[in-house]
Amino acid sequence: MITKDYMAVEDLEVYKKLCQLHIEVCDLTHTWPPEEKYELGSQVRRSSNSSPSQLAEKNDDRHIRNKIEGVNRSRGEAAETIHHLYMAKLKEYISDKVYLEFRGRYKECIRMLNGLEKTLERKIPERERRWQVKEESDVYGSIDDTHRQGWPIDVE
């Protein structure tokens with residue numbers, strides 16, 4: 001019997017949230033002035049789509065370091081999307097309330113990506129880690145805890 005070591009990208013909660021955010025960002029930008037179609041609108045749509053696509057691109061990679069790179073790139077694209085939405089707020093294309101709602105949701109995804117990175121870092125031998133990852137004893141209690149954290153599935 002073959003066991004999967006990692007979840008499918010479509011099963012990652014952070015991936016689902018980032019995809020949903022992209023769809024909502026696209027809908028939002030279509031209400032902006034026509035001159036922004038190829039300017040700010042295009043930039044925010046591209047960065048919002050790039051965030052989940054970075055996870056998808058590295059999902060099937062055999063090397064954990066490459067998976068971590070995908071997480072880092074995804075986090076950067078999410079932060080870039082927040083910036084573009086902030087510019088839209090400054091240009092008064094969106095309200096403070098709308099900006100803060102999207103910002104909060106993207107920040108939640110960034111926190112989830114941070115957790116995913118920590119989980120992946122634990123899969124690397126301790127001597128090869130870029131930094132020390134505090135081991136949490138309750139993580140080893142059940143597989144369900146690991147699923148909530150993100151990508152890897154610990155099957156022992």
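For the reader, a short list of remarks on this structure follows.
Listed here are the residues, each with its yes/no results for (1) within 18 Å of Leu113 (Cβ to Cβ); (2) in a helix (DSSP H, G or I); (3) modelled with pLDDT under 95; (4) touching a Phe, Trp or Tyr at 6+ places or on another chain (Cβ under 7 Å).
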| residue | (1), (2), (3), (4) |
| --- | --- |
| Cys19 | yes, yes, no, no |
| His22 | yes, yes, no, no |
| Arg45 | no, yes, no, no |
| Thr81 | yes, yes, no, yes |
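- Residue in the range 127-137 that is part of a helix (DSSP H, G or I) and of a type in the set (Phe, Trp, Tyr) present: no
- Near pairs, Cβ below 6 angstrom, 6+ apart or cross-chain, from the range 9-26 (more than 18 Å from Leu120 (Cβ to Cβ)) to any residue that is surrounded by fewer than 20 Cβ atoms within 10 Å (Cβ to Cβ) and of a type in the set (Gly, Ala, Ser): none
- For the range 47-56, the set of residues classified as farther than 19 Å from Glu121 by Cβ and not aliphatic (A, V, I, L, M) consists of Ser47, Ser48, Asn49, Ser50, Ser51, Pro52, Ser53, listed by residue number.
- Tally of residues being modelled with pLDDT of 80 or more, over 15 Å from the mean Cα position of the chain (by Cα) and more than 19 Å from Arg65 (Cα to Cα) across the range 100-154: 2
- Among the candidates Arg65, Arg45, residue that is farther than 16 Å from Lys16 by Cα and touching a residue at least 40 places away in the same chain (Cβ under 8 Å): Arg65
The values are calculated or read from the model by the stated rules, or taken from the named source; none is laboratory data. Just so we're clear, the structure is a prediction, and the values are computed from it rather than from any experiment. Quick reminder, even Gly has a Cβ in these numbers, built from the backbone with ideal geometry, and neighbours come from all protein chains shown.
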